[in-house]
1. Would you pick out the residues in the range 146-200 that are part of a loop (DSSP other than H, G, I, E, B), at pLDDT 70 or above and surrounded by 15 or more Cβ atoms within 10 Å (Cβ to Cβ)?
2. Could you grab me the full set of residues in the range 199-214 that are under 20 Å from the mean Cα position of the chain (by Cα) and touching a residue at least 60 places away in the same chain (Cβ under 8 Å)?
3. Only one residue in 123, 106, 111 is touching a residue at least 24 places away in the same chain (Cβ under 8 Å) and assigned to a helix (DSSP H, G or I). Which one?
4. May I ask you to say which residue of 80, 31 is assigned to a loop (DSSP other than H, G, I, E, B) and surrounded by fewer than 20 Cβ atoms within 10 Å (Cβ to Cβ)?
5. Answer with yes or no whether residue 339 is surrounded by 19 or more Cβ atoms within 10 Å (Cβ to Cβ), touching a helix residue (DSSP H, G or I) at 6+ places or on another chain (Cβ under 9 Å), part of a helix (DSSP H, G or I) and modelled with pLDDT under 85.
6. Does the range 285-305 contain at least one residue that is buried (at least 24 other Cβ atoms within 10 Å of the Cβ), under 12 Å from the mean Cα position of the chain (by Cα) and at pLDDT below 90?
7. With the condition kept exactly as written, say whether any residue in the range 87-94 is at pLDDT below 85 and closer than 24 Å to residue 280 by Cα.
8. Got at least one residue in the range 343-353 being in contact with a helix residue (DSSP H, G or I) (Cβ under 6 Å, 6 or more places away or on another chain), surrounded by fewer than 19 Cβ atoms within 10 Å (Cβ to Cβ) and part of a loop (DSSP other than H, G, I, E, B)?
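The values are calculated or read from the model by the stated rules, or taken from the named source; none is laboratory data. This is a predicted model, so every value here is computed, not measured. Here the Cβ positions follow ideal geometry from the backbone for every residue, glycine too, while neighbour counts run over all protein chains shown.
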């Protein structure tokens with residue numbers, strides 16, 4: 001590889017290109033098979049398999065960061081003036097999310113300690129459901145094993161991303177193409193509309209960083225663009241192609257993270273990740289059914305809102321499945337805020353001691 005082809009941080013154009021090419025092959029195959037969210041699930045499976053087989057894949061993280069604000073605009077574009085009247089009805093489910101977050105962390109922590117034999121620090125930060133980067137950095141600072149923490153969280157997200165869309169397709173009349181059909185196309189986007197999208201994305205990112213929102217590249221544009229839609233200032237929406245490109249980039253980035261991982265390490269950590277995911281999904285399912293019965297909210301939307309996937313990934317799934325993206329995104333934002341702000345505090349209140357890293 002020549003120096004000209006190498007980019008900062010050791011990432012290379014060739015590595016990105018190979019990763020996206022493998023992801024596109026997987027997406028094409030899953031599209032042909034009629035799988036749900038084919039460009040995400042296909043990309044995850046293809047790149048993860050290739051990475052474990054030794055292919056020199058490189059996660060296209062800068063491309064992921066570029067796509068995230070576009071997804072934020074897409075979610076914000078789903079906000080409507082009716083949201084002002086709907087949001088107060090979310091109080092019970094948002095309160096339920098707070099209870100679920102605490103219960104899920106406690107349940108998975110206990111399982112990691114008793115079943116997996118993990119040390120308290122690593123078990124705690126691997127169990128907290130959300131804030132991947134924050135949990136890795138904080139867990140490491142507290143003395144936890146950052147490799148285990150990061151792998152458990154990545155595998156949790158992968159398992160949820162692979163499970164939820166397939167489950168919806170098997171158990172319901174979900175049509176994965178319905179959302180993209182009503183979004184319009186790049187060909188329909190006018191210069192004025194493009195200018196609005198760019199301005200909202202840039203201003204939203206800056207506002208999100210100033211407000212210290214979780215995942216500011218997503219939540220800043222989402223909230224700003226959503227406010228513009230609720231106020232009726234603009235009805236412009238990003239084109240459907242953004243969702244498809246987002247699926248490919250997100251899926252390829254997640255799958256490529258398995259590069260360099262030994263099969264033994266994957267097997268051991270996969271068991272832990274699967275245990276955490278199963279417990280959290282079971283708890284999320286129970287919470288969704290109870291809240292649906294108590295509040296009349298849609299059980300499908302509640303399940304997407306409570307499923308322990310990443311904010312970006314679950315928002316993308318809700319967009320692609322056309323299941324109330326605003327509702328889903330707001331609940332995941334609350335979960336991540338609770339985890340990011342509360343985990344280090346609870347860690348100290350419970351009297352855990354900082355482990356010594358080797």
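1. Result: 189, single match.
2. 201, 204, 205, 213, 214
3. It is 111.
4. The unique qualifying residue is 80.
5. Yes: the conditions hold for residue 339.
6. The answer is no; no qualifying residue exists.
7. No.
8. Yes - at least one qualifying residue is present in the range 343-353.
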